[in-house]
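**Q** Would you mind keeping the following structure in view while I ask a few things?
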Amino acid sequence: MRLIVPLQGVVQGRGGLILGSLIPCALFYFLQLYLKRHRSPKPQSNPPSPTTSSPKLAEMTRTSSRSNLFSRSIGQVRISSRAISIAKPNESPYYIGLDKASEDPYDRLSNPDGVIQLGLSENRLCFDLIEKWMSENLGHSITGRDNGELNINGIATYQPFDGTMELKLAMAGFMSHIMGGAVTFEPSQVVLTAGATPAIETLCFCLADQGNAFLVPTPYYPGFDRDVKFRTGVELIPVHCRSTDNFALSITALDQAFNQTRKHGTKIRGILLSNPANPVGNLLSWEMLYAILDFAREKNIHVISDEIFAGSMYGNEEFVSMAEVLDSEGFDKNRVHIVYGLSKDLSLPGFRVGVIYSFNENVLAAARKLTRFSSVSAPTQRLLVSMLSDARFIEEYIKTNKRRLQNMHALFVAGLKGLNIRCADSSAGLYCWADMSKLISSYSEKGELELWDKLLNVGKINVTPGSACHCIEPGWFRCCFTTLAEEDIPVVLERIRKAVENTTDLLNSS
Amino acid sequence: MAIEIEKPSSVRLSKVAISKTHGEDSPYFAGWKAYDENPYDEIHNQSGVIQMGLAENQVSFDLLEKYLEEHHEVSSWGKGAPGFRENALFQDYHGLKSFRQAMANFMEQIRGGKAKFDPDRIVLTAGATAANELLTFILADPGDVLLVPTPYYPGFDRDLRWRTGVKIVPIHCNSSNNFQITPEALEAAYQSAESMDLKVRGVLITNPSNPLGSTIQSSVLNDILDFAVHKNIHLVSDEIYSGSTFSPSEFVSIAEILRNRNYKDAERVHIVYSLSKDLGLPGFRVGTIYSYNDDVVTTARRMSSFTLISSQTQHLLACMLSNHEFTQNYIKTNRERLNKRYDMIIQGLKKAGIECLKGNAGLFCWMNLSPLLNEPTRQGELELWNIILNQVKLNISPGSSCHCSEPGWFRVCFANMSEQTLRVALQRIHKFMEQRKVCSVNQ
């Protein structure tokens, strides 16, 4: 504050420095008060519609935000600090791209110039199978009309918040099946939640206090920032993985991150993994899982293994669940917790079905009580018990899904290769991790975001830039291919080509 | 690879995980355990514990069943399931527009059209439990305070405090004026918080009240709103029992108060609603936050990612609640049946010599057993509660678990059982009171 200096000189004679600083501060305060009183009041409408809704938030200008914050703290009723940070416009490309694609969605027939959504890892390849099952089975499932009697009593009343035993049984069986049958999951260790999102958050609430941290390998699913940090106050410490070894996790890197964080006074409570990995799509080997468990034992911390893509395998490798390694080695099971859900493998994200699977009785006890805030809806539970118990259907679904995933993956990756865009080696997931670093103008996050913007606004395709996933190397993009039909692939490739037309590397592609 | 047998370590859990704030060690929940172990059944276990501690509405199931039977398409996305794909993929935290519209209409109907609701201000959550917690996260920081009038729903101790770190300071109400909230009580609670150096962020009222079973009067609502304005704090009105008032004219929503004031000061008001009580569908997990504050709506919506309602359920209920004929009939019939039940239990209790607070809503009545206490203390109340649970075999909720400042009051639910079961319960109470009279005569 430049005012202070001359004023200090003025009051040097009497009262000195104190008055010299007090007076300008007081003046500044009164100036603000004057400005605030003369600011025009916000108009009230009746009843007022919310002036901001999510899609528009990205366009909110930032210039007024400082004054809003200030006026919010005097006169207007206050909201919590947690809420203030969540209410801010979402600047992450991950969310901006999702919004843009949903506002102008591509449709081969009705909206061929719309934005093609490659930023949402949804699996649409096997809907026909689920639809068929629904139309053949539905009347009985919702209302329990097994013996011709309508029975809303069974689903209308209060259910156990952590899920009915029937669904836990069915889910344990399904998880075992989908992970290759190498592990048996106990229904009594299953806690059902309204999606994997609250499963992750609930586990964070159980395993860490505010101010503690989890180590998380990068690149990681952008949603973790929300799931872990929004309300729990727990931090995420990135453990960087690099393309030189296909983004494999290294214990050395884990150890370094652990020690660095501890030096800064923050306690690490656990490691948060996704296996199969999102966004890279690679798997953790048995040896690696063992090494991680060993590391966790040494540091006495938890391991959360998010295995939500376990059933979305297309490669030749076999998926190994953390549970499998635990089973056969003598590790303390109390530190391991697995997250699962039906949003990816069974394409039912709208139904909100997630799982916390833990070996720790105390965690299970706490998590069960916490599910009152995020339970699975009863009609959905009833429906899923039917579906998951239909062994013939599940068998067919898993087989067909794998086949179609393999097909789409192969086509998409080959197509990108044709544009001289290579993808990381991957065996699972609904996406590929594409290296477009040769197409960015400057090898930096800025360059990456410029390309992302071009792809979104010129090419009209929404892909997720690596920076949104905290990738340490610029130029990588996650492209989900399971929302496409085969005919859409050439369209996507053409649009990429068009968007980067003047980039020499592309034109010189072999 | 050598197998290392790791000794069970003390891998640490969080403070939230080990805290007792979930409250499940209190008598409120101990009674439930007793019921679970020996549940009454009309045919198979006539000496079991009758559950009168669960505020669940089972009196109007038949109406729901009839609707579902006549409208198959509601649960099946139509023949060949054309709408299914879109529905199964729908995880937008805005919620289905058709469902929000249907909820807004339903809420308006319940209020006899005396308030209007904008579907874009509705944020959906998986139950009112989640709605209350979510609002608390948004309105207050850890260590801040919400003022809540006593007696209050025991679940608030958990829902408002457990993960949020927010504190509750009670607004004491007593029987001298039928437990109404007074400006003096509001001020006293506020001062109490201030004296502990705590920041008050809002008042949370339940209207109609749980456990009192009565609606809050218009003048009192105005007082509370004035208080909130004066202190520049929020007002949350949990109106989860609004459709369970026995007579439609007796319920005044905070929405009406705001409308009368032309929505001045509305940005501090938030309403919580749910289908668990009025529609008897707690298993469906359907709750809403209705806020007049844009920032709260935006933030709540984003936070609702942790507690979304299944799109299947949204679809089913959107159809059901858009059916005007169904909702009109349901609301009217449900009210009548609840009223009838209420009359039945009040008469029954009166015959046994027990007085209740004059109620006009909800699934329970607020019973005064203070004359029966050995000593007018919390201990005395718990002793009596124990006798009623273990000898009379009725699980009722002691006022102390609702933080009532006067011992001897109990909440008794009447809508979660058949009329026959209610008669059995009343017989048991009658017998119990008779026996006590005999005892006291012989002393």
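The values are calculated or read from the model by the stated rules, or taken from the named source; none is laboratory data. Not measured: the values here are computed from a predicted model. As a convention, Cβ positions derive from the backbone with ideal geometry for all residues, glycine included, and neighbour counts pool all protein chains shown. Surface accessibility is based on the protein's heavy atoms, side chains included, excluding ligands, DNA and RNA. Shrake-Rupley method; radii C 1.70, N 1.55, O 1.52, S 1.80 Å.
**Q** Considering every residue within segment B:57-69, establish whether at least one is modelled with pLDDT of 90 or more, at negative phi, at the interface with chain A (Cβ under 9 Å from one of its Cβ atoms) and not in a helix (DSSP H, G or I).
**A** There is at least one residue in segment B:57-69 that is modelled with pLDDT of 90 or more, at negative phi, at the interface with chain A (Cβ under 9 Å from one of its Cβ atoms) and not in a helix (DSSP H, G or I).
**Q** Examine segment B:235-258 for a residue that is out of contact with any helix residue (DSSP H, G or I) (no Cβ under 8 Å at 6 or more places or on another chain), of a type outside the set (Asp, Glu) and in a loop (DSSP other than H, G, I, E, B), and state whether such a residue exists.
**A** Checked segment B:235-258: at least one residue is out of contact with any helix residue (DSSP H, G or I) (no Cβ under 8 Å at 6 or more places or on another chain), of a type outside the set (Asp, Glu) and in a loop (DSSP other than H, G, I, E, B).
**Q** Only one of these is more than 13 Å from every other protein chain (Cβ to nearest Cβ), of a type in the set (Val, Ile, Thr) and open to solvent by less than 20 Å² (accessible area, probe 1.4 Å): B:Thr150, B:Thr164. Name it.
**A** Values: B:Thr164 fails: more than 13 Å from every other protein chain (Cβ to nearest Cβ).
On inspection, the qualifying residue turns out to be B:Thr150.
**Q** Looking at A:Asn401, is it open to solvent by less than 10 Å² (accessible area, probe 1.4 Å) and among the polar types (S, T, N, Q)? Can you show your working first?
**A** Numbers: open to solvent by less than 10 Å² (accessible area, probe 1.4 Å): yes; among the polar types (S, T, N, Q): yes.
So A:Asn401 fits the description; yes.
**Q** Name the helices (runs of 4 or more DSSP H) wholly within segment B:110-213 that hold at least 3 residues that are at pLDDT 95 or above and more than 24 Å from B:Gly243 (Cβ to Cβ)? Spell out the reasoning first.
**A** On the way: elements: B:128-139, B:155-159, B:183-195.
Of the helices (runs of 4 or more DSSP H) lying wholly inside segment B:110-213, those with at least 3 residues that are at pLDDT 95 or above and more than 24 Å from B:Gly243 (Cβ to Cβ) span B:128-139, B:183-195.
**Q** Still on this model: Among what's in segment A:453-489 and is in a helix (DSSP H, G or I) and open to solvent by 20 Å² or more (accessible area, probe 1.4 Å), pick the residue that is farthest from A:Asp435 (Cα to Cα).
**A** Filtering segment A:453-489 for residues in a helix (DSSP H, G or I) gives A:453-457, A:466-469, A:488-489.
Subsequent filtering for residues that are open to solvent by 20 Å² or more (accessible area, probe 1.4 Å) retains A:453-454, A:457, A:467.
Working: A:Asp453: 16, A:Lys454: 16, A:Asn457: 20, A:Ser467: 13 Å.
For segment A:453-489, the residue satisfying everything is A:Asn457.
**Q** Moving on to the next point. Please find, among A:Leu383, A:Leu388, the residue that is within 10 Å of chain B (Cβ to nearest Cβ) and among the aliphatic types (A, V, I, L, M).
**A** Numbers: A:Leu388 fails: within 10 Å of chain B (Cβ to nearest Cβ).
After ruling out the rest, the residue left standing is A:Leu383.
**Q** Can you tell me which condition B:Leu279 does not meet? The list is (1) at the interface with another protein chain (Cβ under 8 Å from one of its Cβ atoms); (2) closer than 29 Å to B:Cys413 by Cβ; (3) at pLDDT below 95, and all the others hold.
**A** Of (1) at the interface with another protein chain (Cβ under 8 Å from one of its Cβ atoms); (2) closer than 29 Å to B:Cys413 by Cβ; (3) at pLDDT below 95, only one is false for B:Leu279: (1).
**Q** Another question about this same structure. Please state which of the following conditions A:Asp345 fails to meet, knowing it meets all the rest: (1) surrounded by 22 or more Cβ atoms within 10 Å (Cβ to Cβ); (2) within 30 Å of B:Thr164 (Cβ to Cβ); (3) among the charged types (D, E, K, R).
**A** (2)
**Q** Can you confirm whether A:Ser386 is open to solvent by less than 10 Å² (accessible area, probe 1.4 Å) and of a type in the set (Ser, Thr, Tyr)? Steps first, please.
**A** On the way: open to solvent by less than 10 Å² (accessible area, probe 1.4 Å): no; of a type in the set (Ser, Thr, Tyr): yes.
No; evaluated as a whole, the condition is false for this residue.
**Q** Could you identify the single residue in B:Ala140, B:Ala131 that is within 30 Å of B:Leu317 (Cβ to Cβ), among the aliphatic types (A, V, I, L, M) and within 10 Å of another protein chain (Cβ to nearest Cβ)?
**A** Numbers: B:Ala140 fails: within 30 Å of B:Leu317 (Cβ to Cβ).
Step by step, each of B:Ala140, B:Ala131 is checked, and only B:Ala131 is within 30 Å of B:Leu317 (Cβ to Cβ), among the aliphatic types (A, V, I, L, M) and within 10 Å of another protein chain (Cβ to nearest Cβ).
**Q** Quick check: is even one residue across segment A:163-174 under 27 Å from B:Leu63 (Cβ atoms), open to solvent by 50 Å² or more (accessible area, probe 1.4 Å) and either at pLDDT below 90 or within 27 Å of the chain's Cα centre (by Cα) (or both)?
**A** No, segment A:163-174 contains no residue that is under 27 Å from B:Leu63 (Cβ atoms), open to solvent by 50 Å² or more (accessible area, probe 1.4 Å) and either at pLDDT below 90 or within 27 Å of the chain's Cα centre (by Cα) (or both).
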